[in-house]
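Student: Encoded as structure tokens, here's the structure I'll be asking about.
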Amino acid sequence: MTETMSAESKPTREVHKSRWRELNVAGAENHKASGPVVYLCYRDQRARDNWALLHALHVAETKGKAVVVLFVLTESQLRLGHRHSLFMIKGLQEMQKHLAALNVPFHLVLGEPAAVVADVIAAWDAAALVTDFSPLREARQWRDSVAGSIQIPFHEVDAHNIVPIWITSNKQEYAARTIRSKIHRNIPQYLRAIPKPRKQDFDFSNTKGSFGEPNAVAWDDLVALAREKGQSDVPEVSWCEPGEEAALRALKGEDNSFLTKMRMNKYDELRNNPNKPAALSNLSPYLHFGQLSAQRCAIEAIGFKKNNPSSNKSVDNYLEELVVRRELSDNFCFYNDLYDSVKGAASWAQETLQIHSSDKREHLYDKEALEQARTHDDLWNAAQKELTSFGKMHGFMRMYWAKKILEWTASPEEALDIAIYLNDKYSLDGRDPNGYVGCMWSICGTHDQGWREREVFGKIRYMNYNGCKRKFDVDAYVQRIRREMKQNRYFNEK
Ligand SMILES: Cc1cc2nc3c(=O)[nH]c(=O)nc-3n(C[C@H](O)[C@H](O)[C@H](O)COP(=O)(O)OP(=O)(O)OC[C@H]3O[C@@H](n4cnc5c(N)ncnc54)[C@H](O)[C@@H]3O)c2cc1C
């Protein structure tokens, strides 16, 4: 991948036609609109390195229009844990600042996109609507609904994947091995330098009282509202500062960022050791909220490798996770409507889970016991506490954690529901295609193969405590989480 990637290639301002697609073509171009091109920001909540914003700016330029950004904050987003809603709101506040520097007005409205977007479009007499891409159900539903209710061009831009999801493959891929070559084949075209957006040359003085004059967002009130409506048992975490500037610092800042020899060079050897969390990037919350672009991470990692040949293996392994595994998750959710259901698993996996669904379970726990980390297994309990206390669980532990939920609950359906519930509720990077696929991989064998058949698991890959003991110092992990909880200080905090 890295040999073919050309980070120095000249930025082009027109976003390649294959990165976006039309969602609404009905009579659209005939409409002589007087208003702006609206970028309805949803998944990619950043001003930098954002193909959707760049595309909106380009469309606006060709039409002689302005771009304005619209963010619709939903009731369900406000009802998330404080950890999530405040991370997002603070990130959006920073995004507004960066957009202001580009002379791009930012509007935030409360409501549901399906209900409010058409009205906003009509009120502004918008010329076109651009949005970013998400393969998840909720986003698909409101996109379809909006597309059916507006008469202007509506473009969806894949600003999240390096290779646009519909270019990589036109079907659900079986596994990393089947998608890898499809991604690599497209890397030379798509893994390119990302242009910096130009400051918008538009005089908004005649648009006061309309799209050129957003209501001032009362950020403090919004934070208070999220605190009032959201789940207070999922408090904010202090180890991961929200916003695109903090994200870039965490990637490549001077002080202890991921792209330093101290950390990046250890990725190859130590990424599966839960006692070495700093060997991981820990950037997944930023990627999930779109405060950081995966393409930016890849470009910077490849640049790092050029200057640090000893990091070769580590960077290559990192890119495998960041690009191949991450984009495989989007592929799964895009092409499989049942991405969070046992019914969405491969037939061999459904069959084997069904055969073993009535096997006797040695331990049985309900959702509450699991949520409160009240199991017989100190390693599992520590992982669950890492999740609830710090909003992240080490990647290796995530697999063990989910597999034990399969082992200790009454059915695979219940196991999957509980794993997704806990992951989405507590993990700062939850509610993400990676999360659904991670749970499906662990419990339903998705993207995996059949293994030696055993009780409860059937042919689903098994993991156990002794296997963990052989891989890393289990007691040290349990002690670390205990200590960090006591000090209320996660591994990377001074
Ligand atoms: C049960 C379970 C639940 C998971 N839930 C989530 C989730 O909610 N959100 C989430 O982003 N990831 C999830 N993962 C995937 C993976 O564990 C995390 O992406 C990773 O731990 C994030 O930490 P990091 O950024 O430090 O990872 P790094 O090791 O630094 O990896 C770099 C990036 O590669 C991607 N990546 C790494 N591992 C995977 C993987 N297995 N599948 C897909 N992409 C990957 C992520 O974008 C990650 O940020 C889950 C995995 C499992 C087994």
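The values are calculated or read from the model by the stated rules, or taken from the named source; none is laboratory data. Predicted model only: the values in this text are computed from it and were never measured. Reconstructed Cβ throughout: ideal geometry from the backbone, glycine too, with neighbour counts over all protein chains shown. We work out accessible area using only protein heavy atoms, side chains counted, and drop any ligands, DNA or RNA first. Shrake-Rupley method; radii C 1.70, N 1.55, O 1.52, S 1.80 Å.
Student: Could we say that TRP219 is touching a residue at least 60 places away in the same chain (Cβ under 8 Å) and away from the ligand (no atom under 16 Å from the Cβ) here?
Tutor: yes
Student: Return the only residue of ASP316, ASP340 being within 19 Å of the chain's Cα centre (by Cα) and either away from the ligand (no atom under 13 Å from the Cβ) or among the acidic types (Asp, Glu) (or both).
Tutor: That would be ASP340, the only listed residue that is within 19 Å of the chain's Cα centre (by Cα) and either away from the ligand (no atom under 13 Å from the Cβ) or among the acidic types (Asp, Glu) (or both).
Student: OK, next. Just one of (1) hydrophobic (A, V, I, L, M, F, W, C); (2) more than 16 Å from the ligand (Cβ to nearest atom); (3) open to solvent by less than 20 Å² (accessible area, probe 1.4 Å); (4) more than 28 Å from HIS55 (Cβ to Cβ) trips up PHE258, so point out which.
Tutor: (2)
Student: Report, by residue number, each residue of segment 402-425 that is open to solvent by 10 Å² or more (accessible area, probe 1.4 Å), more than 10 Å from the ligand (Cβ to nearest atom) and touching a residue at least 60 places away in the same chain (Cβ under 8 Å).
Tutor: Once the filter is applied, which keeps residues that are open to solvent by 10 Å² or more (accessible area, probe 1.4 Å), more than 10 Å from the ligand (Cβ to nearest atom) and touching a residue at least 60 places away in the same chain (Cβ under 8 Å), segment 402-425 yields GLU413, LYS425.
Student: Applying the selection to segment 261-291, what residues are surrounded by 22 or more Cβ atoms within 10 Å (Cβ to Cβ) and more than 9 Å from the ligand (Cβ to nearest atom)?
Tutor: Matches in segment 261-291: MET264, PRO274, PHE289, GLY290, GLN291.
Student: Among all residue pairs at least 6 apart or on different chains, which show Cβ distances below 8 Å where the first residue, located in segment 463-485, is closer than 25 Å to TRP441 by Cα and assigned to a helix (DSSP H, G or I) and the second is among the β-branched types (Val, Ile, Thr) and open to solvent by less than 90 Å² (accessible area, probe 1.4 Å)?
Tutor: Hits for this filter: TYR465/VAL474; CYS468/VAL474.
Student: Of GLU245, GLU241, GLU213, which residue is on the phi < 0 side of the Ramachandran plot, open to solvent by 70 Å² or more (accessible area, probe 1.4 Å) and either away from the ligand (no atom under 16 Å from the Cβ) or assigned to a helix (DSSP H, G or I) (or both)?
Tutor: GLU213
Student: For VAL59, only one of the following conditions fails: (1) touching a residue at least 60 places away in the same chain (Cβ under 8 Å); (2) among the β-branched types (Val, Ile, Thr); (3) not in a helix (DSSP H, G or I). What is its number?
Tutor: (3)
Student: Is it fair to say CYS468 is under 25 Å from ASP359 (Cβ atoms), open to solvent by less than 10 Å² (accessible area, probe 1.4 Å) and either more than 16 Å from the ligand (Cβ to nearest atom) or more than 21 Å from the chain's Cα centre (by Cα) (or both)?
Tutor: yes
Student: Going through segment 426-448 one residue at a time, which ones are among the hydroxyl-bearing types (Ser, Thr, Tyr) and open to solvent by 20 Å² or more (accessible area, probe 1.4 Å)?
Tutor: TYR436
Student: Just checking: which of the strands (runs of 3 or more DSSP E) contained wholly in segment 64-151 hold 1 or more residues that are under 20 Å from the mean Cα position of the chain (by Cα)?
Tutor: Per the criteria, 67-73, 128-132.
Student: Which of (1) buried (at least 24 other Cβ atoms within 10 Å of the Cβ); (2) in a helix (DSSP H, G or I); (3) near the ligand (Cβ under 8 Å from one of its atoms) is the odd one out, the single condition MET393 does not satisfy?
Tutor: (2)
Student: Hey, among GLY445, GLY430, which residue is over 15 Å from GLU386 (Cβ atoms) and either in contact (Cβ under 8 Å) with a residue 40 or more places away in the chain or more than 11 Å from the ligand (Cβ to nearest atom) (or both)?
Tutor: The conditions single out GLY445.
Student: Could I ask something else about it? Those residues that are surrounded by fewer than 18 Cβ atoms within 10 Å (Cβ to Cβ), touching a residue at least 40 places away in the same chain (Cβ under 8 Å) and of a type in the set (Ser, Thr, Tyr), I need them from segment 329-371; list them, please.
Tutor: Matches in segment 329-371: TYR335, SER341, SER357.
Student: Considering only segment 292-303, state which residues are touching a Lys or Arg at 6+ places or on another chain (Cβ under 8 Å) and either more than 12 Å from the ligand (Cβ to nearest atom) or of a type in the set (Phe, Trp, Tyr) (or both).
Tutor: ARG296, GLU300
Student: Okay, next question. Which of the numbered conditions does VAL456 fail, given that it passes all the others? Conditions: (1) part of a helix (DSSP H, G or I); (2) more than 9 Å from the ligand (Cβ to nearest atom); (3) among the aliphatic types (A, V, I, L, M).
Tutor: It is condition (1) that VAL456 fails.
Student: Could you look through segment 40-92, keep only residues that are open to solvent by 20 Å² or more (accessible area, probe 1.4 Å) and among the small types (Gly, Ala, Ser), and pick out the one that is modelled with the lowest pLDDT?
Tutor: GLY64
Student: Also: When you go through (1) closer than 30 Å to ARG79 by Cβ; (2) in a helix (DSSP H, G or I); (3) hydrophobic (A, V, I, L, M, F, W, C) one by one for ALA373, which number turns out not to apply?
Tutor: Among (1) closer than 30 Å to ARG79 by Cβ; (2) in a helix (DSSP H, G or I); (3) hydrophobic (A, V, I, L, M, F, W, C), the lone unmet condition for ALA373 is (2).
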